[in-house]
Structure formats: C-alpha cells, structure tokens
Amino acid sequence: MNLKVDICGKTLKNPVIAASGCFGFGREMSIQYDLNTLGGIALKAVTAQKRIGNPPPRIAETPSGMLNAVGLQNSGVDQFIVKEMPFLDKLDTILFANVAGSTIEEYIEVTEKLQNIAVDFIELNISCPNVKEGGNAFGAEPDTIYKVVKQVKKVSKQPLIVKLSPNTVDIAANAVAAQEAGADGISLINTLIGMSVDVDRKRPILANISGGLSGPAIKPVALSMVYKVAQAVSIPIIGMGGIMTGRDAVEFLLCGATAVMCGTLNLIEPDGIPNVIAGIEEYMTQHKIDDINELIGGLIV
Amino acid sequence: MNLKVDICGKTLKNPVIAASGCFGFGREMSIQYDLNTLGGIALKAVTAQKRIGNPPPRIAETPSGMLNAVGLQNSGVDQFIVKEMPFLDKLDTILFANVAGSTIEEYIEVTEKLQNIAVDFIELNISCPNVKEGGNAFGAEPDTIYKVVKQVKKVSKQPLIVKLSPNTVDIAANAVAAQEAGADGISLINTLIGMSVDVDRKRPILANISGGLSGPAIKPVALSMVYKVAQAVSIPIIGMGGIMTGRDAVEFLLCGATAVMCGTLNLIEPDGIPNVIAGIEEYMTQHKIDDINELIGGLIV
Amino acid sequence: MAKRIPNCRITSNELVADDTYLMQFECVTKNATPGQFVHLRVTGRDDLILRRPISINSIDTKNNIIKLIIQAKGEGTKALCVLKAGDVMDIISPTGRGYMLSKKVKKAAVIGGGIGVAPLKYLIEYYKNVEFDSYLGFRSDCYAYQLDEFKALSNKLYVCTDDGTYGEKGFVTNRLDMNLEKEQYDVVLACGPKPMLGSLKKVIDKHKVPCFVSLEERMGCGIGLCKVCVCKTQEDGEENYERVCLDGPVFDINKVVL
Amino acid sequence: MAKRIPNCRITSNELVADDTYLMQFECVTKNATPGQFVHLRVTGRDDLILRRPISINSIDTKNNIIKLIIQAKGEGTKALCVLKAGDVMDIISPTGRGYMLSKKVKKAAVIGGGIGVAPLKYLIEYYKNVEFDSYLGFRSDCYAYQLDEFKALSNKLYVCTDDGTYGEKGFVTNRLDMNLEKEQYDVVLACGPKPMLGSLKKVIDKHKVPCFVSLEERMGCGIGLCKVCVCKTQEDGEENYERVCLDGPVFDINKVVL
Ligand SMILES: Cc1cc2nc3c(=O)[nH]c(=O)nc-3n(C[C@H](O)[C@H](O)[C@H](O)COP(=O)(O)OP(=O)(O)OC[C@H]3O[C@@H](n4cnc5c(N)ncnc54)[C@H](O)[C@@H]3O)c2cc1C
Ligand SMILES: Cc1cc2nc3c(=O)[nH]c(=O)nc-3n(C[C@H](O)[C@H](O)[C@H](O)COP(=O)(O)OP(=O)(O)OC[C@H]3O[C@@H](n4cnc5c(N)ncnc54)[C@H](O)[C@@H]3O)c2cc1C
Ligand SMILES: Cc1cc2nc3c(=O)[nH]c(=O)nc-3n(C[C@H](O)[C@H](O)[C@H](O)COP(=O)(O)O)c2cc1C
Ligand SMILES: Cc1cc2nc3c(=O)[nH]c(=O)nc-3n(C[C@H](O)[C@H](O)[C@H](O)COP(=O)(O)O)c2cc1C
Ligand code: FES
Ligand code: FES
C-alpha cells in the first residue's frame, strides 16, 4: 500500500501533517510517539521578535469545537533557530516553518532568517485571527494576499505554502491570487472567528473577547473551501479543519487535498495523528485502494 | 417580569422569533403549540415565481450542526398571499416576510406585492447560499448590499430588516452599508457555506454538493458577528445561529441583539422555542432581572 | 398527531439478525397507521443533532409498547442499537402518512426488501380483514428477521435472498412479477431500497395493479416544516418536490419519480 | 510520563458533599507526584471536545486505583459525576509539575479552599516524613469533605467556613496569618481559587515563608503543546506567560502574578 504523497517535489511518508500551533515545536509530543512516523510537522508560528501573546483565558469550548486566542506567543525567530532547530534537525520528517507577522517587512525578515535552516517549507500564516495587526488583515482579500506573497516569494528558497483564512467571501479568488503571486501550495483553513459568552458572569470567556474556532464543528466549512480551491488552482493543497479520524482525512483528499493537517486533534488525543494514519490505511484496505494518490480529488460529482 | 422588546416601534411579546425556512408558514407547527406565544415568526422565503428547489438529498448531519440545500422551494409570492395569508392573518404575533430573489428587480417585485399584506416586517434575504444567482452574491460585499437595500427600501412601507450572510470578510462593514442604505434592522447570521462527503460512496452527501451550515456548531461565529455589528450600527439587531436553549439566547442578547431567531432548533425539537422562552425566564429569575431589556448589549468587556 | 416525548423508556433491545435489532419501548401512541414512523434522537449525543426516522414495526396497544426494527448503519443507529432496557431516548411519534387501504381491499400483496420489511409487519397486523401475500427479500439468510411472524400473519409467504442462502435465490420483485400472471391483488404495498422500487415500478406498469410505496429520504424535522426530505413527483405533467415526512412516506407509485 | 488510557474503568463514584463526588477508577499510574492531575474526557460526549483537568486526590498503588474529588459545575463535570461503577472514561495521566519538597522540609502547612482541598490530601499522604498542619476553607458545612482523613493525616487541622456552619467562621488565610505569628513552617503549600491565593500572597509577603501554589486555568492539551493554559509570571523584571499544564500547575508564589 502506498501512502506517500508528493508536494512540490518533496515526498511525505504519508499525507498527515501536524497543524501549526497544536504541536509546539515537536518536543513535547516526541515523548508520546516517534515523530518520524508523521507525514510532516507544521511548527508553531514564529515572528521577528518575541511575543508574549494574549492574556488568559485563551481557550473556550464550543459545541463540537473550541476557540483559541493564543496570540502568536513565541520567542522570536532567532531564539527559534537556536533553541528548537537542533532538536528538529535530527528528525526525519518534513518540516513546515509557520511564519507570522504584523507587516510585510516582518514576514520578509522572518522568512529570510529561515533561509539557511533545514526546514522544507515556509508556511505563510496570513490568516491568524488573534492578533490586532497582520494576520487576517492580509489574508482576507486577493490584492493584499498577492502583495505579501509576491514579496515573500522573492526571498524564499524553500517552497512557499500560503495558509488562507476562511473569514472571507471568495476563497477561490484568494487562492488564485496566491498562486499568481508565486505560491507553491495552499494550506487551508485557518480558524473561523468566533466568540463565546459566560452568561452567569455576563462576560466573554476569552480575555481577548474573540478567538479562532477549530475542531469538528468547522469541518463542513473547511471541506467546502478545499473543494472550491481545488477547482480553481493547479498548485497542491493541504486541507485541514476538524479532522479527527482517518475517514475525515479521506473526505479532504477526495475533495482535492494532496495532504491534510490535524490541529485540534492533538489537543484532545495525544495519539490522535497515528490513529488518523492507521484509519486511512484501514479505509484503503476496505476499499481496495493501493495508492493513496488515487483518492486525491477523487470525488464523484 | 417583562419579556417585551421593541423593534422599529413594534412590540414583540418576547424576543424569540422562529427563523425563516425552519417553520414553514406556521401551519404545521400550529398543531404543536399556540403560535401566539411566539415573539414572532419569520416565514419561509418567497420569490416572484414558483421555485421547485434543489433535488434531494437536501440535508446532511455534521458535528453539532447540519447542512441544508433546500434552494428556496416555494409557490411564489402570489400563491403565498392567497394560500398562506388567510391562516397567518388570524395570528396575534409579529410576522416577518422573508423575501428572496435572483435580481434586484425580483426583490423589488416581491416586496411590492407584500405591501398590502398584514406582515409586520420585510426580511430581505440577501444571504441564501443555496441558489446559483442572487442570495449570497448580493449579501457578501458592502456595495452590492447598499444597492439592493436602497432600492427595496423605496418600495417597502413595512420596516426593512436585512438578513446578512456570514460568508464575508467584514460583517460590520456590511451592516453599516445596509444601515446607510436605509435598513431598519439587521438580522444575522444566515448559514455558513459547507460540504460533507460520504467516503464510502465517494460522493458529496448533498445533491447540490454544498449547503448552508446551521445549528450549535456555528453559534460562536454568530455571536462574534452579532457583537461586532452591535458595535457598528444603531439600528436593532436580531441575532441567530445555533440557539438551542434560553441561555444560548441570553448570550446573543448580551452581545447586543434585541431579539433572536431559532431555526435548526425547530427541526430537532417541535417544542424547542417554548422551551427557549421558558429558559430565558428561568435565567432572569435566577439573576433577578426584571426587564429583559437590561440584558441587551449588557456584556461586560 | 406527531408528539414529542423526550423520555421514552426502552423495555428491550435484542439482536434479531446481523446488525439488526428489535427494540421495544413504552409509548402511548394511539391511532398510528402502518407506514407511519417515529423520529428518534439519542439522548445525550448532542453532536448528532438530527433525529432518525424509523418505521413502526408493531404496536402492542394493550401494554403501550412500540416495536421497531433498527439496522445499525451509521453513528446514530449504532448508538440506538446499543441502548439497553431502562435507557431512555427522545422521540416524535407517530408521524407521516401511512398505507391507507379502502374497505374494498380484500386481498393484497406486501413486498419488502431488507429493512423495508419492518413496516409491512405492522401493516398486515393492522388490516386484520385483508388477506395478505407477503414477498420478502433479503441480501442473505443472516439478514432475515421475523419470518415466523410473517408466516403466521400471511396467506402465502415468499422469501428471496440475493445469494440463495434462504428461500428462493434472486429478487423478490421477479417472484411478484411471475405470480402476477395468475394472482389477483387489489393492491400492492411496498417498502424497500430505491433500486427495488425501480424494478417494482416496471412490474406494476406491466400488470397494472394499484400500488403504494414507502420512500426513504434524509430528514430534518419529520413533521413538514423544513422541506428537506423531498421526493420528485409528477402529476398532470407538472414536476414537484413533495415532503416524504408529511405528504408521505407512502405515495402512489404512479405519482413519484423513482 | 503523561499517557493516554482511552478506557479507564470506574470502580465507584459517590457523593461526598453537595455537588461533590469521590470518583475511583482503575489506572496504573506510577510515580505521580502530588499536585499532578489527570485530564479526563467523557466517552461518547463528542460535542464536548475538551478534556477536564482534575487533581489527583489519592492513589492506592497496591490496587492501582486513583481517587478524584470532582465538583459538578458545568456540562463536562456534570457528565463525569453521573458515571457509575463499570462505566469507562478516557484519561491522560498523570500530567503537570506537582509539589516537590526538598528533603530538608520537616514541617509544612497545606492550605486549600473548596475543591482546591482535594490535591492536598495526596500531598500529605505522599510526604510521609513531613509534619503537616492543614488549613482548609469551605463556603459552608455542606461543601466540606474528607475532614476525617485530613484529621488523621495532619498534625493540626484548622477548618474555616465562610458562613461559620463548620469550624471557624471566616477565611482560612486569616487563620494562617494569625498562626504564622508563632508557628514556624519550612514551606506553605496551597491550592484554591484566585481570590484566596491573592490573600495568601499578602500573608506570605508579610511572613516571608517559602510558598508554592497550584493554579487553575482553562486548558487544551494538558501536555504542553498548545500554550492556551498560561499564567503570568515575573522573573528579573521580565513578564512572561508560562504553561499551567506543564510548567505548573504548582508555581513559586513569588514567581506568578496573582
Ligand atoms: C420513513 C423512513 C422509515 C425508515 N424506517 C427504518 C426502519 O424501520 N429501520 C431502519 O433500520 N431504518 C429505517 N429507515 C432508515 C433509517 O432512517 C436510516 O438508516 C438512518 O437514519 C441512518 O442513520 P445513521 O445514524 O445510521 O446514519 P448516519 O449516516 O450517521 O446518518 C446521518 C444522517 O443521514 C440520515 N440518513 C442516513 N442514511 C439514511 C437513510 N437511508 N434514510 C434516511 N435518512 C438517512 C440520518 O437520518 C441522519 O440524519 C427509515 C427511513 C425513512 C425515511
Ligand atoms: C490543574 C487543575 C486541577 C483541578 N483539579 C480539580 C479537582 O480536583 N476537582 C475539581 O472538581 N475541579 C478541579 N479543577 C477545576 C476543573 O477542571 C473545572 O471545574 C472543570 O474543568 C470545569 O468543567 P465543566 O465541564 O464543569 O465546565 P464547563 O464550563 O462546561 O467547561 C468548559 C471548558 O472550560 C474549562 N473550565 C471551566 N471552568 C474551569 C476551571 N475552573 N478551571 C479550569 N478549566 C475550566 C473546562 O475544562 C472546559 O474546557 C482543576 C483545574 C485545574 C486547572
Ligand atoms: C491552539 C491553537 C493554536 C494555533 N496556532 C496557529 C499558528 O500559530 N499558526 C497557524 O497557522 N495556525 C494556527 N492554528 C490553526 C491550526 O493550525 C488550524 O489551521 C486550525 O486549528 C484548523 O484545524 P483543526 O480543526 O484541525 O484544528 C492554531 C489552532 C489552535 C487550535
Ligand atoms: C432547512 C433550512 C432552511 C432555511 N431557509 C431559509 C430561508 O428560506 N430564508 C432565510 O433567510 N434563511 C433560511 N435559513 C437560515 C435560517 O433562518 C438561519 O439563519 C440559520 O439556520 C441559522 O440559525 P440556526 O442555527 O438557528 O438554524 C434556513 C435554514 C435551514 C436549516
Ligand atoms: S423533514 Fe422537514 S419537511 Fe420533511
Ligand atoms: S493546555 Fe496545552 S499547553 Fe497547557
């Protein structure tokens, strides 16, 4: 059975990647299982300078979903390189460095600093809903997407995956803009903007008032967007949003994703991703599919 | 205890309204309970001509939510007036006629025909995701919203409530555009666009491929949008999206909604809305609140 | 009238065939006609927001017990099938327009496939004065259920399996087709999967017997509010979508587009 | 190491105070330190996607039984509290950095409020060679639990209730404050609601005793991945957010901003 997929000429052992922000820099999970069994790891977002992030509470539970408002807490790109890369360098899996920023200059600065580092892909996070500037402000409309992608592409030797926001009108137009600006792939979706209220205290649950909605609740939205983007672009797509099982992952592959990412799953089940990989294999066995690439875009409409 | 709220000078017995498309024209539910206990009823969408709607399956279950793709099936505005109004005329509750269309002309035509009919409000549905033309195409961006609202407002004697789509970048800007064009109120949210796949058959579950996501899953998105719109406009807001209990309704009131609508709830529990009203009363008793108007916009941030 | 009863107590739930359970629960449902269904929700499974429509298999009016045959397919029916005596579920009962036979009907055929056999049992129990021949189709022996009951209630019983592991090998619509050459039925009453109803339509067209079929469609409310559960109908050349939950599930076979 | 065990069997679950349950379940957890917690998910409640952190109240290492004290508050804890012997739940155990006492500690005070009393029992059971004075605060008599056990395990036991229905009326931090005038403790170990920890901080500042507190924060993973569970810390003038789940829940009171 072949589970290998190819993205921009790089081969993933299987199509299941840990999503950014839900896996730290891999260290904590490495005591749970062998990280080399993963298709890849998207690392926690890094910015030019250290950020302490938003005050707590940063998480709220919602029906079949959750809100988070971490706010890009990280030690900055320099510390990332010094502190995290030595551990990551030893891994034999595909690495996605998730790059965030408040300005185009910041995106460029971070990407430049990552040039001599052994990360396989740059994942341009222009879709974080939890920071005042940057993030969603760049990722919502085709013209701003085009601008930032064009600039960052110039400095990036690694293939550039652009991570899109679902908080938009026309996701396909946004994906096309990224492709035209030189993106080598699209990952989607980041979180939907949401809110939750403690009626007894008459206060929002998150200190940040609103946060990013993830988990099973958003899977239908994610699937629809992946399917639309797959009709619109020719570059590979990495789909995510609410994947909890192998069968969920297959839904994304059928809709046109070459690989998938699992985020929230890791917050619930430390052994979640290995189970998703096993679930895909089980599905393939049941349906007598030898090569996972047969599933990609295989939806019958 | 006062549950009465006021919208555009009309008094609702309580702030709980049946949402459009989930209550037919009232008849089927009238055998379940006395419809006059409702704050109001938003009727199923009507268009200029009869529409047969989309082929089945039109519904899919998703985690804590559902997708629908009814596609505005209705007998047309003339038949609505002849066949449904005699029954509705006898009710003592506030009626919202939900107007849909594919062109601005159609919205105008339907609204004009409703002028001599005893409906209290026109609810302009520029946010239906399940038809190819019209619907979401009008409701996603400020300029098109402004245009259609401006035109329809000219022909409407009844106060005009504009129902907004969540499939957008900046809901506050959309609401402001509606207000500037003369809208008397805003209702939101209509459904998010979503999709669901049967992995065994490798096919979308809905014949229409995608549909509108509703139910508890979308409540965080709805709350966030209601809260943002409440900061941006001065006209009343009717909030909805995933309300299942009195406490859910209170979340929306605290975020700034003057009234709420319940849609999906009716598909699950025929006695759902009476229970929501009772739940609000229970909350008010617990928290020693005499007048429901104290709750509206009462979120402490 | 369809009524919600949020706490129906299950009195028993037992496996009667592969993946197939006979569930019994306490419920005062008077005047339910055969072909009507109950609309079930699994208490506590708030992630599964929709109800599941399940046909009435039998009613014990003396003890107020409703019987259902439930096939464990997806998440909801699987959750229903593991419920035990004493557990509760949330139901709407009864709903839909069932099989309504005129007084003139003396002899009729019921034809069912798979899980579609279930409502036919209540049908032949209910119309005590009608003589029924039963035609039942199953994929295989291991999926067959309630054959003894059908045997006792029917004038004649024909059972077919796709693989020949029980009764006749082949499709039960073929058996009906052959029998209609000699047998006279006032009406044929059917329930089963779409392909079976399609074959039945051809048989009916050929023999020109009145026929009513019970349809399946994905549902929301189950009581006529939401129009998601439609089937295509054709009358006087005009196509329409009618609600399976309230205008059906039982339709004249000549009215629905199969 | 924190490990997921998807099918932990509950052996008993009983009410020990108003809304408060003592739950026992089978689990091989070796080397759990006091102050560590288990991270629980209700099997089958797929709408509640997050786990709930609950401190270890006691471990019976011989029989591999973990005891928890759970207060039924919101949906998740309510669902946990109705579980019965034989039911299963999904846990991650143990996680967090607990109270770690150096060999030098001979005499210590534990101070807890409400549900924060629960982990202190495992603490005083665990450090058998330390002499503990226990200071326990409850809102009211009806919320107090395990007082006999604390009595047996403590050198001295002080109980306060807000309304005076049991023990002393008033806040337990006041009792500690008064006692610190004469008593010498090598360390004070605390767990309780934020306002209590705030008052404690003042007491500690005044008497200059080493003190470690266990914090509560809303959590995601519980194992250090997601950084949602943070508390503000201050060291050398620099503010930071540290993870309650992995860097804590037990922190030096002088490091955290309360
Ligand atoms: C009028 C009527 C009577 C029925 N009577 C019986 C019966 O007596 N015994 C029995 O075992 N089954 C019966 N069915 C089919 C039964 O309703 C479905 O098998 C069941 O809803 C599937 O739910 P699930 O949780 O297993 O599947 P899931 O795939 O988890 O269901 C997801 C959603 O799709 C709907 N759905 C999926 N498959 C079907 C289907 N085939 N028909 C309708 N809705 C579907 C579910 O209701 C639910 O809303 C009947 C259906 C109808 C319409
Ligand atoms: C390290 C630690 C140890 C704890 N030990 C115990 C214990 O021994 N016994 C006990 O009864 N309680 C304990 N708690 C508190 C307990 O975790 C919460 O009361 C519980 O999570 C609330 O869940 P719910 O389903 O009742 O509330 P809901 O409001 O339904 O919960 C929704 C979400 O918010 C979170 N949440 C809500 N309130 C709290 C809170 N006070 N603290 C943390 N998360 C919260 C839930 O975990 C969940 O993710 C502890 C908390 C922490 C952080
Ligand atoms: C706690 C948390 C933190 C996240 N942080 C990041 C981040 O730093 N960068 C990023 O691109 N996405 C971030 N995301 C979004 C996820 O990578 C993913 O796009 C989203 O959660 C949807 O997938 P899921 O439903 O599988 O979680 C975060 C999500 C969560 C829940
Ligand atoms: C089956 C169905 C049909 C709907 N039809 C309409 C409609 O005709 N007009 C409209 O404005 N909204 C329609 N809606 C949207 C609802 O009125 C409501 O905006 C949405 O479902 C969110 O609320 P809820 O989560 O309470 O259902 C429909 C929703 C459903 C589920
Ligand atoms: S299921 Fe709602 S109308 Fe039939
Ligand atoms: S809960 Fe995820 S880091 Fe603490």
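The values are calculated or read from the model by the stated rules, or taken from the named source; none is laboratory data. Small disclaimer: the values here were computed from a predicted structure and weren't measured. No Cβ is skipped: glycine too gets one built from the backbone with ideal geometry, and neighbour counts run over all protein chains shown.
A few comments on the model shown:
Residue by residue, here is whether (1) farther than 15 Å from B:GLY263 by Cβ; (2) out of contact with any Gly (no Cβ under 6 Å at 6 or more places or on another chain) holds:
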| position | (1), (2) |
| --- | --- |
| B:ARG51 | yes, yes |
| B:ASN54 | yes, no |
| B:MET66 | no, no |
| B:ASN74 | yes, yes |
| B:SER102 | yes, no |
| B:ASP120 | yes, yes |
| B:CYS128 | no, no |
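- Count of region A:43-55 residues which are within 16 Å of ligand 6 (Cβ to nearest atom) and buried (at least 22 other Cβ atoms within 10 Å of the Cβ): 4
- Single unsatisfied condition, D:ALA190 versus (1) in contact with an Asp or Glu (Cβ under 7 Å, 6 or more places away or on another chain); (2) more than 14 Å from every other protein chain (Cβ to nearest Cβ): (1)
- The C-beta contact set for region C:47-63 (first residue in contact (Cβ under 8 Å) with a residue 24 or more places away in the chain, second residue of a type in the set (Phe, Trp, Tyr) and more than 9 Å from ligand 1 (Cβ to nearest atom), distance under 8 angstrom, 6+ apart or interchain) comprises C:SER55/C:TYR122; C:ILE56/C:TYR122; C:ASN57/C:TYR122; C:SER58/C:TYR122; C:ILE59/C:TYR122.
- Hey, A:PHE121 touching a helix residue (DSSP H, G or I) at 6+ places or on another chain (Cβ under 9 Å), away from ligand 2 (no atom under 16 Å from the Cβ), among the aromatic types (Phe, Trp, Tyr) and closer than 30 Å to D:ILE49 by Cβ or not: no
- The set of residues in region D:200-255 being aliphatic (A, V, I, L, M) and within 12 Å of chain A (Cβ to nearest Cβ) consists of D:LEU215, D:MET219, D:ILE223, D:LEU225, D:VAL228, D:VAL230, D:VAL244, D:LEU246.
- Residue check, C:GLY114 in the same structural domain as C:GLY137 (by TED's automatic domain parsing), in contact (Cβ under 8 Å) with a residue 12 or more places away in the chain and touching a strand residue (DSSP E or B) at 6+ places or on another chain (Cβ under 9 Å): yes
- Selection status of B:GLY242, at positive phi and touching a Pro at 6+ places or on another chain (Cβ under 9 Å): yes
- The number of residues in region D:24-41 being farther than 20 Å from A:ILE31 by Cβ and surrounded by fewer than 22 Cβ atoms within 10 Å (Cβ to Cβ) comes to 2.
- Of all the criteria given as (1) surrounded by fewer than 15 Cβ atoms within 10 Å (Cβ to Cβ); (2) over 15 Å from A:ILE268 (Cβ atoms), the one not satisfied by D:PRO6 is (2).
- One residue alone among C:PRO119, C:PRO94 is crowded, with 22+ Cβ neighbours inside 10 Å, not hydrophobic (A, V, I, L, M, F, W, C) and not in a strand (DSSP E or B), and that residue is C:PRO119.
- Just one of the listed residues (A:ASN36, A:ASN68) is of a type in the set (S, T, N, Q), farther than 18 Å from A:LYS113 by Cα and within 14 Å of chain B (Cβ to nearest Cβ), and it is A:ASN68.
- D:LYS182 vs. criteria farther than 15 Å from D:MET196 by Cβ and at pLDDT 95 or above: no
- Meets criteria (at pLDDT 95 or above, among the aromatic types (Phe, Trp, Tyr) and assigned to a helix (DSSP H, G or I)) for D:PHE132: no
- B:LEU253 within 16 Å of ligand 3 (Cβ to nearest atom), crowded, with 24+ Cβ neighbours inside 10 Å, modelled with pLDDT of 95 or more and within 29 Å of C:LEU225 (Cα to Cα): no
- Residue check for A:VAL221: farther than 18 Å from A:LEU12 by Cα and crowded, with 24+ Cβ neighbours inside 10 Å: yes
- Residues (more than 14 Å from ligand 6 (Cβ to nearest atom), in a loop (DSSP other than H, G, I, E, B) and either polar (S, T, N, Q) or within 18 Å of the chain's Cα centre (by Cα) (or both)) located in region A:27-42: A:LEU38, A:GLY39
- Of the residues in region C:39-50, none is among the β-branched types (Val, Ile, Thr) and closer than 22 Å to C:GLY112 by Cβ.
- In region A:139-154, the residues that are under 12 Å from A:ASP170 (Cα atoms) and within 14 Å of chain B (Cβ to nearest Cβ) form Cβ pairs under 6 Å with partners that are of a type in the set (A, V, I, L, M, F, W, C) and not in a loop (DSSP other than H, G, I, E, B), at six or more places apart or across chains, as follows: A:PRO142/A:ALA173; A:PRO142/A:ALA177.
- Criterion: among the β-branched types (Val, Ile, Thr) and buried (at least 24 other Cβ atoms within 10 Å of the Cβ) - qualifying residue of A:VAL169, A:VAL197, A:VAL176: A:VAL197
- Residue within region D:79-87 that is small (Gly, Ala, Ser), away from every other protein chain (no Cβ under 14 Å), within 21 Å of the chain's Cα centre (by Cα) and not in a strand (DSSP E or B) present: no
- Restricting the first member to region A:171-194 and to residues that are within 14 Å of chain B (Cβ to nearest Cβ) and touching a residue at least 60 places away in the same chain (Cβ under 8 Å), and the second to residues that are within 16 Å of ligand 6 (Cβ to nearest atom) and of a type outside the set (Gly, Ala, Ser), the beta-carbon pairs closer than 6 Å and six or more apart or on different chains are A:GLY194/A:LEU67.
- All positions within region C:168-194 that are within 13 Å of ligand 1 (Cβ to nearest atom) and in a helix (DSSP H, G or I): C:LYS194
- Within region A:210-225, the set of residues being under 20 Å from B:MET225 (Cα atoms) and facing chain B (nearest Cβ under 7 Å) comprises A:SER210, A:LEU213, A:ALA217, A:LYS219, A:PRO220, A:VAL221.
- Among the residues of region B:246-301, those that are in contact (Cβ under 8 Å) with a residue 40 or more places away in the chain and of a type in the set (Ser, Thr, Tyr) comprise B:THR258, B:THR264, B:THR285.
- Filter result (within 19 Å of the chain's Cα centre (by Cα) and not in a strand (DSSP E or B)) within region D:153-166: D:LEU153, D:SER154
- Filtered residue count, region B:226-244, keeping only those that are in contact with a strand residue (DSSP E or B) (Cβ under 7 Å, 6 or more places away or on another chain), more than 10 Å from chain A (Cβ to nearest Cβ) and more than 19 Å from B:GLU269 (Cβ to Cβ): 8
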